[in-house]
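The structure appears right after this line, and notes come after that.
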């Protein structure tokens, strides 16, 4: 039976593209047999939704989140609403939506309302149980879905898994700090990478919503020959011996591709999760919160990885921990198949 499924998520330069991107990945798994609609704010990144031929339902300026949800119900009459937004949803609004016969799924967010949601899913390999215990009973905690099997990998990354790796004379280091990089991580570390004088080729990938393009002009005029700054392209990961990235979906994608990874976090909260992941996945070097990072630690860590005799060999230690089927599994939960 055809279901009307609403994804409530936003994207813009301040919050990045992560929420939207993963909802699109799940939406692809659903749209053949369901009517999938994205309820979101007005932003140029909505072109990503349009490219997938999903319908868009826009939030009005100054409309509260609660009133927007109720308007979604009144005008769209959904069967399922997936909430993938960092908003303090209350128990009352979730109960009100459920009383209208709507299945409510909360994705990757802890708030008062999660205790009333039909499903709570964290598409992450790690979960902060201590924080979650504050909101959920032991019985409801047991029903929360999380772990490597729920991690969502984008299609463009899935297609790279079986690409043939080419060995070059010098190691290749790919640097990416997400779609928008609101904290300016890239601007901080580029001078350090140049000063490190590594015998490696650096490929610095710029997200389409990158907020600091004007500051890149200086670096473009003074780049060493072994540095290239280019628009984001997943293909660059294929031959990477090391990927330096900020915590987020890219970190999971590089685990999936079995790359050596240096993780830098935009926030202290992300640092906590990244630190836990580095203990589970041995190819991650977690360097912590960007504001606490210094030149010596970054340079020492890069040298350590590049100078290891095994850097040319991709190990199998992380294989199958993240298998790329997260969107499929979550799609089944949304449909009610699991």
Has the range 15-28 got at least one residue that is over 23 Å from the mean Cα position of the chain (by Cα) and at pLDDT 90 or above?
no
Among the residues in the range 81-94, are any in contact with a helix residue (DSSP H, G or I) (Cβ under 6 Å, 6 or more places away or on another chain) and closer than 16 Å to residue 24 by Cα?
yes
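Based on what the data block shows, is residue 2 under 30 Å from residue 325 (Cβ atoms) and crowded, with 18+ Cβ neighbours inside 10 Å? First the steps, then the outcome.
Working: under 30 Å from residue 325 (Cβ atoms): yes; crowded, with 18+ Cβ neighbours inside 10 Å: no.
So residue 2 does not fit the description; no.
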Please pick out the residue among 120, 151 that is in contact with a strand residue (DSSP E or B) (Cβ under 7 Å, 6 or more places away or on another chain) and within 17 Å of residue 23 (Cα to Cα).
120
Residue list for the range 5-35, restricted to those being crowded, with 17+ Cβ neighbours inside 10 Å and within 16 Å of residue 73 (Cα to Cα):
5, 6, 7, 8, 9
Quickly run through the range 212-254 and pick out the residues that are touching a strand residue (DSSP E or B) at 6+ places or on another chain (Cβ under 7 Å), surrounded by 16 or more Cβ atoms within 10 Å (Cβ to Cβ) and in a helix (DSSP H, G or I).
216, 219, 236, 237, 250, 251, 254
Go over the candidates 123, 171 one by one and state the one that is farther than 25 Å from residue 289 by Cα and in contact with a helix residue (DSSP H, G or I) (Cβ under 8 Å, 6 or more places away or on another chain).
171
Name the residue that is farthest from residue 40 (Cα to Cα), counting only residues in the range 67-84 that are touching a strand residue (DSSP E or B) at 6+ places or on another chain (Cβ under 6 Å) and in a loop (DSSP other than H, G, I, E, B).
79
Subset of the range 256-276 [in contact with a strand residue (DSSP E or B) (Cβ under 7 Å, 6 or more places away or on another chain) and part of a helix (DSSP H, G or I)]
268, 271, 274, 275
So, restricting to strands (runs of 3 or more DSSP E) that lie completely within the range 108-208, which ones have at least 3 residues that are in the same structural domain as residue 91 (by TED's automatic domain parsing) and modelled with pLDDT of 95 or more?
119-122
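Would you point out the residue of the range 36-60, among those that are surrounded by fewer than 12 Cβ atoms within 10 Å (Cβ to Cβ) and farther than 25 Å from residue 335 by Cβ, that is modelled with the highest pLDDT?
The extreme case among them is 60.
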Out of (1) at pLDDT 90 or above; (2) on the phi < 0 side of the Ramachandran plot, what's the single condition that is false for residue 288?
(2)
Can you name every residue in the range 127-155 that is surrounded by 14 or more Cβ atoms within 10 Å (Cβ to Cβ) and more than 21 Å from residue 276 (Cα to Cα)?
135, 136, 140, 154
I need the full set of residues from the range 189-210 which are surrounded by fewer than 17 Cβ atoms within 10 Å (Cβ to Cβ) and within 20 Å of residue 248 (Cβ to Cβ), in order please.
208
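The values are calculated or read from the model by the stated rules, or taken from the named source; none is laboratory data. These numbers were taken from a predicted model, which means no experiment stands behind them. Note: ideal-geometry Cβ built from the backbone for every residue, glycine included; neighbour counts use all protein chains shown.
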